[in-house]
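K.L.:
One structure, as structure tokens, below. Some questions next.
The values are calculated or read from the model by the stated rules, or taken from the named source; none is laboratory data. What you see is a predicted model; the values in this text were computed from it and never measured. Glycine gets a Cβ as well: all are built from the backbone with ideal geometry, and neighbour counts include every protein chain shown. Ligands, DNA and RNA are stripped out before the accessible areas are found, and what is left, the full protein with its side chains, is counted by its heavy atoms. Shrake-Rupley method; radii C 1.70, N 1.55, O 1.52, S 1.80 Å.
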Amino acid sequence: MRTAIHSTLRFAALVAAVLTGASAAQAQETPVKPVFRNAATHEDLVEVARKEAEEKAKQQMHDNAFRKPTPEEIEQAKPQEPTSLLAVSDVLCSNGLATMVPKRSVLHIPKAHAGRIGMREGARFVSYQEFAEQNRSWLASTPVSRKQAEGNKPMAEAVIKSFEKETRVIVATFQEGPISVLPLKVPQEPTAVTK
């Protein structure tokens, strides 16, 4: 019985030592606190974006320092001269009415009607359609395509020949409104270089 008590005491001491050691180890360990980062604020994000934009602008300035401008950039850099509506239009006038049409839209002016081009004192401006209705006896129109108006496609030879016999003023129209007709663009042919 003595050995049983002795074994029990040893076991109890062992259990107590283990439990005491575990609690001591736990007591010695300091709890680990989680580490929190600060979240980026709106101001922080704006500042980062501003710095990136500044760096990009500096890089572009550096890249463009020795680059020649393109002809389009040169043209855009030129100051635009202010233009008035009258500067880019022709005025047709008759019987107290007047209308404006774009320059280069009047394709044919017979000598008999040359006096109808230009503003007359006391004339009242009306739309082209109203003016054309009131002056059908001396004013006619000929429809053109967009390519013809841009000068990329020639007008039919028969139409141009018909102007010679026409006694009325002829105005180019696109979708029933007057339109400028640019001169025909002639493609430039490469010239041979001789040495």
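K.L.:
Dipole size in debye (nearest 20) for segment 36-195 around its Cα centre, Lys and Arg Cβ +1, Asp and Glu Cβ -1?
P.N.:
With Lys and Arg at +1 and Asp and Glu at -1, about 700 debye.
K.L.:
Please report, as a whole percent, how much of the solvent-accessible surface of segment 25-104 comes from carbon and sulfur atoms (probe radius 1.4 Å).
P.N.:
58 percent
K.L.:
Tell me the per residue accessible area of segment 60-195 using a 1.4 Å probe; a whole number in Å² is fine.
P.N.:
About 76 Å² of surface per residue is accessible.
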